[in-house]
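Before any comments, here is the structure.
Just so it is clear, none of the values below were taken in a lab; they were calculated from the coordinates. Here the structure is a predicted model, which means the values were calculated and not measured. Cβ placement follows ideal geometry from the backbone for every residue including glycine, while neighbour counts extend to all protein chains displayed.
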Amino acid sequence: MSEAKPTLYEQLGGEAAVNAAVDIFYRKVLSDFRINRFFDNSDIEKQAAKQKAFLTMAFGGPNNYTGTDMRTAHARFVKMGLNDSHFDAVMEHLSGTLRELKVPEELVAQVAAIAESTRSDVLGK
Amino acid sequence: MTSRHITLDEQVTVCHEGETVLDALLREGRDVPYSCRQGACQSCMMRSLEGMPTEDSQKGLKNVLCKQNYFLACLCFPSQDMVVALSHQADFFTEATVVSKVLLNQETLLLTIQCKDALDYYAGQFVNLKRSDGLMRSYSIANSKVHTHKLTFHIRRLAGGRFSEWVHQELNIGDNISVSDPQGLCFYLPDNQEQNMLLIGTGSGLAPLAGIIEEALEQGHTGQIHLYHGSREMDGLYWLDEMQALQQNYENFHYTPCVSRGDSPEGVATGRANDVAMAALPDLKGWRVFLCGHPDMVNQTKTQAYLNGASLKDIYSDAFHVASSSLE
């Protein structure tokens, strides 16, 4: 058997890394006055599960991401005024989280690129 | 060649060597939820009723789930035959007899029942109590695990509540009532006994918390244990003397009763229990948190406890939803 090059998900540390990241990432998001109004009234455990699914996807891990789901899920927030500035804030927290976890810059960039690819779906463009 | 038998809803599926429980069930066309198939999404979580799940298949699950033999079907290469269920099925009832009824305050009754069979439960879990005509409501067990046959409940009388009115007015000592298998994930496990614990309850949310505290103290929990019990007014609180006595007996137990309306007497804090607690304990990093009672309080405080530093895996909660048919 030939040794395959480790995937991005494996290089980041798989599920354990996602768990560590969710805890930091979601705390940053909820503490940020620019964006936390979009998270009012939601059950934090259900939310954290969604954040975990999102981070797993951004980490290049197993997912069943579909742009349509992302659009539907965010449509009501777009009506509430969700725009590029909010998306940027989330991206900032994502990179901040990875740096806090001492993830090498080249991997941070790869994760950011995957997350960035959801922008038009999230913002309903 | 080792194959194992997996029984789901009384139908047996053979799980071949090298196959996961999920693979086998899907190959046979069984209708089970799943998504990532790699242990990330947890949508294929099931519970084993017989046969221990493998350690690998419980990776990433909350400890209370592991203890109850929940596992991820997509990660489980079974090491023995298993009987599994998709979710917890609470169809098992045991008979019990009412042994005492004592009023704790104007609206809350301490109901004690003696079960025919010993119940295997964790302090903080709830059961469904069922009247002979089938009317059923969920109530938290208010005592620790030592009394396996005797269970206590705090039954708050709700205006127009069919079940609670019946318990208060018509159920007599010596009468029978059915009790379901214990359920719920808001309970105390005696691991990590140095961990500090914060417990916040409103109204009869004190019931599971009192059980958890009793259990933790009996098990020799060494971390600090802070209880905040809140109600709108003084007459909604109860067990003040009992909790104060407990505080005198255990150095690591701290009790703060709270009322959110009007003035409070000495020794009682003014404000909502969750606000009082969060202001007093701004740093919850490493703490274990239990929240029981009003759904809005539970929901908001979960977020606040997390923002104050508690890990989501360390937050256990039980929101008391009022059965809508109570209001009919």
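Miscellaneous remarks
- Structural descriptor for chain B: relative contact order 13 percent, calculated from alpha carbon pairs under 8 angstrom and at least 6 residues apart.
- Ordered by the number of other Cβ atoms lying within 10 Å of each residue's own Cβ, fewest first, A:THR56, B:THR301, A:THR118 fall into the sequence A:THR118, A:THR56, B:THR301.
- The protein assembly as shown: antiparallel DSSP beta bridges as a percent of all, rounded to 5: 60
- Percent antiparallel among DSSP beta bridges (both partners in region B:4-85, rounded to 5): 80
- Cα coordinate range in region B:4-85, projected on the principal axes (Å, largest first): 29, 25, 22
- Taking 1.002 mPa s as the viscosity and 20 °C as the temperature, the Stokes-Einstein diffusion coefficient of region A:1-121 based on its alpha-carbon Kirkwood radius rounds to 143 µm²/s.
- Taking other Cβ atoms within 10 Å as a rough exposure proxy, B:THR256, B:THR97, A:THR68 sort from fewest to most as A:THR68, B:THR97, B:THR256.
- Volume in Å³ per residue [convex hull over Cα atoms, computed for chain B]: 153
- Counted over chain B, the DSSP beta bridges are approximately 60% antiparallel.
- Per-residue Cβ neighbour rank within 10 angstrom, fewest leading, B:LEU104, A:LEU8, B:LEU198, B:LEU8: A:LEU8, B:LEU104, B:LEU8, B:LEU198
- At the listed q of 0.19 Å⁻¹, the Debye profile of region B:164-323, built from one uniform point per Cα, gives log10 I(q)/I(0) equal to -1.25.
- Between B:VAL99 and B:THR222, the FRET efficiency estimated from the beta carbon spacing at R0 = 51 angstrom works out to 0.90.
- Dimensions of the protein assembly as shown along the principal axes, based on C-alpha atoms and rounded to the nearest Å, stand at 72, 59, 46, largest first.
- Checking the cross-link pairs B:LYS67/B:LYS101; B:LYS62/B:LYS101; B:LYS59/B:LYS302; B:LYS130/B:LYS285; A:LYS5/A:LYS52 against a 31 Å limit on the alpha carbon distance flags B:LYS67/B:LYS101; B:LYS62/B:LYS101; B:LYS130/B:LYS285 as lying beyond it.
- Fraction of alpha-carbon pairs over 21 Å apart in region B:93-184 - percent: 21
- To the nearest ten degrees, helix B:240-249 and the longest principal axis of the Cα atoms of chain B are 70 degrees apart.
- Virtual paramagnetic centre 7 Å along Cα→Cβ of B:GLN195, amide N under 16 Å, in region B:142-185: B:185
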